[in-house]
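The values are calculated or read from the model by the stated rules, or taken from the named source; none is laboratory data. This structure is a prediction, so every number in the text was calculated from the model and none was measured. Counting neighbours? That spans all protein chains shown, and the Cβs are built from the backbone with ideal geometry, glycine included.
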């Protein structure tokens, strides 16, 4: 199998597990819906992870790097648009859901936020690495990969 297929399958596995976990966080309608809504919008119904996984295994081609960076920026923009009103305390269901979840145990909200934003941080580091060290790897004919062989 090709590296891009393996990267896409790893991303698909993560998307399935993370999507299922976000549904569990809703607590049968009594929990916090923010993570599930962000999964559906900012992570494009989970398609974000397989696409980014397939692209991340080799960012040498400029088109792969541009697509990777564009998807990352689009996802971050959607995150800001969705989260800013909730954090600003504007009245609405999402603010009250988040406040209720925080009152029951703030550590779960913090853990959920870390788990949600960790892929963005890792993918951002992969993009920065490909930009900063891209010329060196092309000269040595190595690929910037996730370590998949």
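Kindly indicate which of 46, 8 is farther than 22 Å from residue 105 by Cβ, in contact with a helix residue (DSSP H, G or I) (Cβ under 9 Å, 6 or more places away or on another chain) and at pLDDT 90 or above. Steps first, please.
Numbers: 46 fails: at pLDDT 90 or above.
Answer to the selection: 8.
Quick one: in the stretch 49-81, of everything that is in contact with a helix residue (DSSP H, G or I) (Cβ under 8 Å, 6 or more places away or on another chain) and surrounded by fewer than 17 Cβ atoms within 10 Å (Cβ to Cβ), which residue is farthest from residue 116 (Cα to Cα)? First the steps, then the outcome.
Pass one, the stretch 49-81, residues in contact with a helix residue (DSSP H, G or I) (Cβ under 8 Å, 6 or more places away or on another chain): 49-60, 64-65, 67-69, 71-72, 75-76, 78-79.
Subset that is surrounded by fewer than 17 Cβ atoms within 10 Å (Cβ to Cβ): 60, 67, 76, 78.
Numbers: 60: 27, 67: 21, 76: 12, 78: 14 Å.
Applying the filter and picking the extreme gives 60.
Which residues, taken from the stretch 105-129, are more than 19 Å from residue 78 (Cα to Cα) and at pLDDT below 90?
105, 106, 107, 108, 109, 110, 111
Quick one: residue 13 ticks every box in (1) surrounded by fewer than 18 Cβ atoms within 10 Å (Cβ to Cβ); (2) closer than 17 Å to residue 122 by Cβ; (3) within 11 Å of the chain's Cα centre (by Cα) bar one, so which box is it?
Residue 13 satisfies all of (1) surrounded by fewer than 18 Cβ atoms within 10 Å (Cβ to Cβ); (2) closer than 17 Å to residue 122 by Cβ; (3) within 11 Å of the chain's Cα centre (by Cα) except (3).
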